[in-house]
Amino acid sequence: MADRLLNKVAIITGGASGLGLATAARFVEEGASVVVTDKDEDRLDGAFGNISNIKPMDRRYQDVTDELGWSELIEYVLSEYGCLDILVNNAGIVIRGTAEDTTISDWRKTQEVNLDAVFMGTRAAIGAMKPSGGSIVNISSIEGMVGEATTAAYNASKGGVRIFTKSAALHCASQKYHIRVNSIHPGFIRTPMIDNALATMPSDEVEALLLRMENEIPLGSMGHPEDIANGCLYLASDESKYVTGAELVIDGGYTCR
Ligand code: NAD
């Protein structure tokens, strides 16, 4: 299928890698103009090398925790493209730590990137989308729904994204903005984020963990970035015009039981 996002203009944050990069490529395949942002300029340039055959794709440096940066980004998109139809709040970090050993600085950094920035992005996008409507997709996690002992700050941030999304969805509906706001809850998807987390663990533990994950995921393996990209595509497109405040879980069945 093609053209499911024809003539739509999208911003995807944290798009230089992993899920954001796969989503950007999928959106372009379906006819969208995509502005990919990331705070890692080298990664952004590298990513564009890989997908430079796919156009139109635009890239902007952005640290999602910078409030002024959001106004500048929206201003750029409106002046360059005339409107904003889709925002995917995807940028995120994970810093491992339990409720006992997480430092306040790791806690705050995690909330700043994973939660505060989703709020700022959503607020900025609502302002830009009000005249003609749009779709905001917030990337939470299954860890925003179920706890894990070793990711206390991450759990809290992703749980915050999950419920903030519903508040924003209700606000937009009550104001008749025709802006839908939904969250996606990926399970374990092999991306640099997962690889970096695994790199901090001893190799025998990594092997045991990967084996356990595969055994515990009902569909039998970790997911691929494209699995999440396809979920984003559905929520971004008009096919989901009656969907707002919803949680789309894409986890191979991991949280079913
Ligand atoms: P990733 O590390 O491959 O990509 C994240 C990108 O975000 C990177 O390019 C990074 O430079 C960028 N980023 C980080 N901080 C930023 C900031 N302050 N400003 C702008 N960009 C910033 O990770 P991923 O696995 O693709 O994860 C994408 C999203 O999906 C994250 O929100 C993550 O929490 C969520 N998620 C991932 C998984 C998984 O299994 N991979 C599971 C559940 C949820």
Name the single residue that is farthest from Val146 (Cα to Cα) among those in the range 165-191 being in contact with a Lys or Arg (Cβ under 9 Å, 6 or more places away or on another chain) and within 11 Å of the ligand (Cβ to nearest atom). Ser183
Scan the range 95-108 and tell me whether some residue there is within 11 Å of the ligand (Cβ to nearest atom) and of a type outside the set (A, V, I, L, M). no
In the range 206-257, the residues that are surrounded by fewer than 18 Cβ atoms within 10 Å (Cβ to Cβ), more than 12 Å from the ligand (Cβ to nearest atom) and in a loop (DSSP other than H, G, I, E, B): Pro218, Leu219, Gly220, Ser221, Lys241, Tyr242, Val243, Gly245, Ala246, Gly253, Cys256, Arg257
Under the condition of being in a loop (DSSP other than H, G, I, E, B) and hydrophobic (A, V, I, L, M, F, W, C), which residue from the range 1-32 is surrounded by the fewest Cβ atoms within 10 Å (Cβ to Cβ)? Met1
When Arg162 is run through (1) within 14 Å of the ligand (Cβ to nearest atom); (2) basic (Lys, Arg); (3) part of a loop (DSSP other than H, G, I, E, B), the failure sits at (3)
Of the candidates Leu6, Leu19, the one satisfying the condition of being among the hydrophobic types (A, V, I, L, M, F, W, C) and away from the ligand (no atom under 12 Å from the Cβ) is Leu6
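Answer yes or no: is there a residue in the range 211-233 that is touching a residue at least 12 places away in the same chain (Cβ under 8 Å), small (Gly, Ala, Ser) and closer than 18 Å to Arg96 by Cα.
Checking the range 211-233: not a single residue is touching a residue at least 12 places away in the same chain (Cβ under 8 Å), small (Gly, Ala, Ser) and closer than 18 Å to Arg96 by Cα.
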Restrict the check to the range 143-156 and report whether at least one residue is under 25 Å from Thr23 (Cα atoms), in contact with a His (Cβ under 9 Å, 6 or more places away or on another chain) and part of a loop (DSSP other than H, G, I, E, B). yes
Within the range 104-125, is even one residue within 19 Å of the chain's Cα centre (by Cα), within 27 Å of Ala10 (Cα to Cα) and in a loop (DSSP other than H, G, I, E, B)? no
Enumeration of residues in the range 72-94 that are touching a strand residue (DSSP E or B) at 6+ places or on another chain (Cβ under 8 Å), within 16 Å of the ligand (Cβ to nearest atom) and more than 19 Å from Ala24 (Cα to Cα): Val94
Kindly evaluate Ile194 against the criterion of being closer than 22 Å to Ala125 by Cβ and either away from the ligand (no atom under 14 Å from the Cβ) or surrounded by 16 or more Cβ atoms within 10 Å (Cβ to Cβ) (or both). no
Name, by its number, the condition in (1) at pLDDT 95 or above; (2) near the ligand (Cβ under 8 Å from one of its atoms) that does not hold for Arg43. (1)
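Out of the range 135-149, which residues are away from the ligand (no atom under 12 Å from the Cβ) and either more than 18 Å from Ala229 (Cα to Cα) or over 16 Å from the mean Cα position of the chain (by Cα) (or both)? Walk me through how you get there before you give the answer.
Going through the range 135-149, the residues away from the ligand (no atom under 12 Å from the Cβ) turn out to be 135-136, 147, 149.
Selection gives Gly147, Ala149.
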Determine which single condition Ile194 fails, assuming it passes every other condition in (1) farther than 29 Å from Thr98 by Cβ; (2) of a type in the set (A, V, I, L, M, F, W, C); (3) at pLDDT below 95. (1)
Any residue that is closer than 24 Å to Pro186 by Cβ and surrounded by fewer than 21 Cβ atoms within 10 Å (Cβ to Cβ) - is there at least one of those in the range 82-92? no
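The values are calculated or read from the model by the stated rules, or taken from the named source; none is laboratory data. Only a predicted model underlies this, so the values are computations on that prediction, with no experimental measurement involved. Positions of Cβ are generated from backbone atoms using ideal geometry, with glycine treated the same way; all protein chains shown enter the neighbour counts.
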